[in-house]
Amino acid sequence: MVPYWPDTVKDPNSTKEEREFAQAFDGIQKLVFSRTLTIAEDKNTRVTNADLSGEILKLKQQPGGNISIGGVNLPLQMIELGLVDEFHYVIHPVIVGEGRSLLEAAGLKENLGLKLIGSRILESGCVALHYVKN
């Protein structure tokens, strides 16, 4: 993600949409959980190898907006720890033949029972879905 998005802000060949997303991404505070990294190149990024549950609970107690997470392993761990309150999925109109799917390795002990509370079709053809736990 870094340096791709910060560089995209300055790239005259980037689309308007790419630049808008890049500016938003570049301006937010980011927390990276890593077993190998100790420092981040980005001024708005902090790297930690601390306890996931403790760090997320501290973030949830702070004022501000939503906490967004990405990747495959981190969301699964947070779901298993019961730390996810809402789910936002964006379905892209691309079919891939390989790679990991989001919940393939989930060792969920129970059905999450999600309730759809919003959906939106984006200009790109993607579909954004918003769920909460029942």
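Brief remarks follow.
- Here Cα Rg over 2.2 N^0.38 Å was computed from the coordinates, and among (1) 1.17; (2) 1.52; (3) 1.07 the match is (1).
- Neighbour counting of Cβ atoms within 10 Å sorts the residues 8, 48, 15, 36, fewest neighbours leading, into 36, 15, 48, 8.
- With 30 Å as the limit on Cα-Cα distance, the pairs of 43/109; 16/133; 16/58; 58/133; 16/43; 10/115 that go past it are 43/109; 16/133; 16/58; 10/115.
- Gyration tensor (alpha-carbon) shape descriptor, the range 69-134, a/c threshold 1.5: oblate
- Considering only the chain, percent of DSSP beta bridges that pair antiparallel, nearest 5: 75 percent
- When +1 charges are put on Lys and Arg Cβ atoms and -1 charges on Asp and Glu Cβ atoms, the dipole computed for the range 69-134 relative to its Cα centre reaches about 120 debye.
- The residue among 56, 9, 69 whose Cα reaches farthest toward the positive pole of the charge dipole of the chain, with charges on the beta-carbon of Lys, Arg, Asp and Glu, is 56.
- Residue (of 25, 131, 45) at the positive-pole extreme of the chain, dipole from beta-carbon charges: 131
- Arranged from fewest to most other beta-carbon atoms within 10 Å of their beta carbon, 89, 131 become 89, 131.
- A helix-only calculation puts the chain at -8000 deg cm²/dmol for mean residue ellipticity at 222 nm, using -39500 (n - 2.57) for each DSSP H run of at least four residues, averaged over all residues.
- Calculated FRET efficiency for the pair residue 15/residue 55, C-beta based, R₀ 41 Å, to 0.05: 0.75
- Residue of 51, 11, 85 that the Gaussian network model of the chain assigns the largest fluctuation, springs spanning Cα pairs under 10 Å: 11
- The charge dipole of the chain, taken about its Cα centre with unit charges on the Cβ atoms of Lys, Arg (+1), Asp and Glu (-1) only, comes to about 320 debye.
Every number here is computed from the coordinates shown, using simple stated rules; none is lab data. The structure displayed is predicted, hence computed values, not measured ones. Neighbour counts run over all protein chains shown; Cβ positions are idealised from the backbone, glycine included.
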